[in-house]
Amino acid sequence: MRVKIHREGTNILIVVMLIMVVINLSAWMFIRPAAIPMTFSVISAVLYLLIVNFFRSPRRTFKGDRKNVVVSSVDGTVVALEEVFEPEVLRRKVRMLSVFMTVFNVHANWFPVDGEVLMVRHHRGRFLSAYLPKASIENERSTILVRAVNGQEVLVRQIAGAVARRIVTYAETGDFANIEDHLGFIKFGSRVDIYLPLDAEILVKIGDKTMGGVTEIARLRGNPDD
């Protein structure tokens with residue numbers, strides 16, 4: 001598994017590095033005793049490493065059986081698993097599986113299934129805590145509808161939160177969705193909802209930890225001829 005810095009973090013890391021260099025050089029030049037600038041340097045190094053950790057972007061390879069599989073779109077914890085009526089796109093009852101990310105998780109988002117991107121839509125909204133159930137329909141969000149290889153539709157919703165106010169979506173209508181590819185990125189912790197057909201076999205439960213692009217969260221029912 002190769003890890004690199006995500007492109008969404010490159011400019012931020014450069015700017016933060018320049019600011020920290022200026023602050024720490026000034027501290028070492030003008031502040032005494034030396035213990036004070038030394039403390040500045042240690043704190044700066046820790047903060048910078050935390051930011052680097054946040055923007056890490058691992059390239060992952062799925063090694064399981066890809067037929068009818070649904071993988072988690074993000075690293076995090078399963079916080080909701082319930083039957084709901086999805087009113088904005090699918091307009092039918094589906095099974096919603098929500099994964100919550102903290103600031104310590106990888107924040108790249110993966111496609112949950114192989115297939116074709118049918119629709120990408122941005123919804124303006126509020127910035128409530130992403131942990132709240134109503135965040136799914138009230139918060140700023142991006143919705144990606146994918147038709148899986150077996151013909152079933154899976155909907156992914158990137159949800160902004162009280163801190164995470166920047167959603168980046170790379171997926172475009174007509175793209176080929178691959179579970180090893182990124183569909184987007186959410187900055188500074190948030191949540192992703194995945195809407196599945198009611199007959200999908202769920203493989204996780206609330207409280208389980210997931211790894212984006214790797215953890216199998218469900219299996220779609222295959223066509224009778226498969």
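Here are a few things to note about the model shown:
- Net charge dipole size for the chain [Lys, Arg +1 and Asp, Glu -1 on Cβ; Debye, nearest 20]: 740
- Length-normalised contact order for the chain - Cα pairs under 8 Å, 6+ apart - percent: 24
- Compared with the dominant principal axis of the Cα atoms in the chain, helix 35-54 is inclined by about 20°.
- About the Cα centre, charge dipole magnitude for the stretch 13-107 (Lys/Arg +1, Asp/Glu -1 at Cβ), debye: 360
- Taking the three principal axes of the alpha carbon atoms in the chain, the coordinate ranges are 76, 36, 32 Å, sorted in descending order.
- GNM result for the chain, Cα springs below 10 Å: residue of V214, V70, V46 fluctuating most strongly: V46
- Accessible area per residue for the chain, computed on protein heavy atoms with a 1.4 Å probe, is 50 Å².
- Positive-pole candidate from I43, I14, G76, dipole of the stretch 13-80, charges at beta carbon: G76
- Sequence of E153, E82 from largest to smallest accessible area, 1.4 Å probe: E82, E153
- Long-range amide H partners of D175 with built H, under 5 Å: V117
- For the chain, built as a Gaussian network whose Cα springs stay under 10 Å, the top-fluctuating residue of L97, L13, L196: L13
- Partners of K209 within straight-line reach, counting lysines whose Cα lies under 20 Å from its Cα and excluding those fewer than 8 residues away in the same chain: K63, K187.
- Rolling a 1.4 angstrom probe over the chain with all protein chains present gives an accessible area of which 60% lies on carbon and sulfur atoms.
- The chain - mean residue ellipticity at 222 nm from DSSP helices (-39,500 (n - 2.57) per run, n ≥ 4, rounded to 500): -6500 deg cm²/dmol
- Taken one residue at a time, the phi angles of the stretch 59-68 give Karplus couplings (6.51, -1.76, 1.60, θ = phi - 60°) of 9, 10, 10, 7, 10, x, 7, 7, 5, 6 Hz. Gly and Pro are set to x.
The values are calculated or read from the model by the stated rules, or taken from the named source; none is laboratory data. Everything numeric in this text was worked out from a predicted model, so none of it was measured. Here Cβ is always computed from backbone atoms with ideal geometry, including for glycine, and neighbour counts include all displayed protein chains. Note: accessible area is taken over every heavy atom of the protein model, side chains too, but ligands, DNA and RNA are not part of it. Shrake-Rupley method; radii C 1.70, N 1.55, O 1.52, S 1.80 Å.
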